[in-house]
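J.: Let me begin by handing over the structure; questions about it come next.
The values are calculated or read from the model by the stated rules, or taken from the named source; none is laboratory data. None of these values were measured; they are calculated from a predicted model. Neighbour counts run over all protein chains shown; Cβ positions are idealised from the backbone, glycine included. Keep in mind that these areas ignore ligands, DNA and RNA; they rest on the heavy atoms of the full protein, side chains included. Shrake-Rupley method; radii C 1.70, N 1.55, O 1.52, S 1.80 Å.
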Amino acid sequence: MEKSEKFRHIAAHLLSKRESGNGASDFPEGLTLDSIEDVLAIQKLMIKLNDETVFGWKCMLPSDDGTITLAPLLDAPVKSMGRCALFTKNNKALIEPEIAFVLNKDLARYGEYKDEEIDNAIGSAHLALELIQNRFPVGYQATHYEKLADGLSNQGVYLGPKVDVKKAYESSDIHITVKQGGRKSNHVGKHPAHLPQEPLYWAINFLTANGFELKTDQIFITGSYNGVMELDINEITSIKYEGLGEFKVEFSC
């Protein structure tokens, strides 16, 4: 099988599994990915198959060994609504508390952008939740390249209220309080890159250098403040980011 044909097959397979929500993104036998270049080719094909639509990007700074964490957001964000439907695990909503940044202008492919230029391209910052779904079956040992191609367990983003961009940029640590029913949990959140804008600077330049055009209103999430949290569905949930804001949402499947 030619590489281009193999990539088209993988992209279609992964996209169909996302749409079905059946949690079985194992790779067809004999089809493997060997490099970050392979992954980027798959991501471009998935965007093309997704009606040429990408709503943003999930990113973190590369690790010390150069491992890249970057995946497109292929589902429209849920914008500050009282109810958020998602695929659940054992009737639990899996979420990660984040800050999202929204572009206010297009950024051309193959451009190089200084930090200040990227700052000027950020139209707003928001409290946000990454919606998590592990699509690989139990027991399947996915490689990092396979996880990247599959979207790093992303199934969407809940885009909460706006926050001041300057305050968002300063938010290395956030005390997060979650209330459901009569239960309350407190979490000392720390951003994995120390400051949430640092992965943004890297990701925008990496993406444009690799031929991706970034569009107005695309969203960037840059790392979880507390890892994956399991929350009950069908209950009003209050989530407070101390010093930034608070919102209420009810998760449903």
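J.: Go through 126, 194, 187 and list them by solvent-accessible area, largest first, probe radius 1.4 Å.
T.: Heavy-atom accessible area, descending, gives 194, 187, 126.
J.: So, one more: For residue 33, what accessible area in Å² do you get when you roll a 1.4 Å probe over the heavy atoms of the protein chains, rounding to the nearest 10?
T.: Accessible surface of residue 33 is approximately 10 Å².
J.: So which residue, out of 146, 117, 96, gets the largest mean-square fluctuation from a GNM of the chain using Cα contacts under 10 Å as springs?
T.: The residue with the greatest mean-square fluctuation here is 117.
J.: Still on this model: Can you tell me the dipole magnitude for the stretch 139-234 around its Cα centre, using point charges on the Cβ only (Lys, Arg +1; Asp, Glu -1), in Debye to the nearest 20?
T.: Value, rounded to 20: 360 debye.
J.: Just to be sure I understand the model, the point goes 7 Å from the Cα along the line to the Cβ. What's the resulting residue 170 to residue 120 distance in nm?
T.: Rounded to a tenth, the inter-label distance reads 2.4 nm.
J.: In the stretch 63-138, what trypsin sites (Lys or Arg not before Pro) fall in a loop by DSSP, with at most 16 other Cβ atoms inside 10 Å?
T.: Taking the stretch 63-138 and a limit of 16 other Cβ atoms within 10 Å, the loop trypsin sites (Lys or Arg not before Pro) found are 105, 109, 114.
J.: When ligands, DNA and RNA are left out and all protein chains stay put, how many square angstrom of accessible area per residue does the chain have with a 1.4 Å probe?
T.: Per-residue value: 47 Å².
J.: How much solvent-accessible surface does residue 242 expose, in Å² to the nearest 10, with a 1.4 Å probe and all protein chains in place?
T.: Rounded to the nearest 10, that gives 110 Å².
J.: For 138, 228, 78, what's the largest-to-smallest order of accessible area, 1.4 Å probe?
T.: Largest accessible area first, the list is 138, 228, 78.
J.: So for the chain, averaging the separation of alpha carbon pairs under 8 Å that are six or more residues apart and normalising by length, what relative contact order in percent results?
T.: Over the chain, the number comes to 27 percent.
J.: Then there is this: Run the quick spin-label model on residue 140 and residue 48: label points 7 Å from Cα toward the beta carbon, then report their separation in nm to one decimal.
T.: Using points 7 Å along Cα→Cβ, the separation is 2.3 nm.
J.: In whole percent, what relative contact order does the stretch 115-186 give with Cα contacts below 8 Å and a gap of six or more residues?
T.: It rounds to 36 percent for the stretch 115-186.
J.: Quick check on the stretch 59-143: take the gyration tensor over C-alpha atoms, sort the square-rooted eigenvalues as a ≥ b ≥ c, and tell me if it's rounded (a/c under 1.5), prolate or oblate.
T.: Judged from the Cα gyration tensor, the stretch 59-143 comes out oblate (a/c at least 1.5, b/c at or above a/b).
J.: Given a 1.4 Å probe and the protein chains all in place, what does the accessible area of residue 236 round to, in Å² to the nearest 10?
T.: 100
J.: Same structure, new question: What is the distance in Å between the Cα centres of the stretch 99-140 and the stretch 200-250?
T.: 8
J.: Given the DSSP H assignment, sum -39500 (n - 2.57) over each helix run of at least 4 residues in the chain and divide by its residue total; what's the result at 222 nm in deg cm²/dmol, nearest 500?
T.: My calculation for the chain gives -7500 deg cm²/dmol from helical runs alone.
J.: Which of these, 115, 173, 164, has the largest mean-square fluctuation under a Gaussian network model of the chain (Cα springs below 10 Å)?
T.: In the Gaussian network model the winner is 164.
J.: GNM on the chain, C-alpha springs below 10 Å: top fluctuator among 196, 137, 72?
T.: 137
J.: Still on this structure, I have one more. Using a 1.4 Å probe and counting only protein heavy atoms, arrange 60, 81 so the residue with the most accessible area comes first.
T.: In descending accessible area the options line up as 81, 60.
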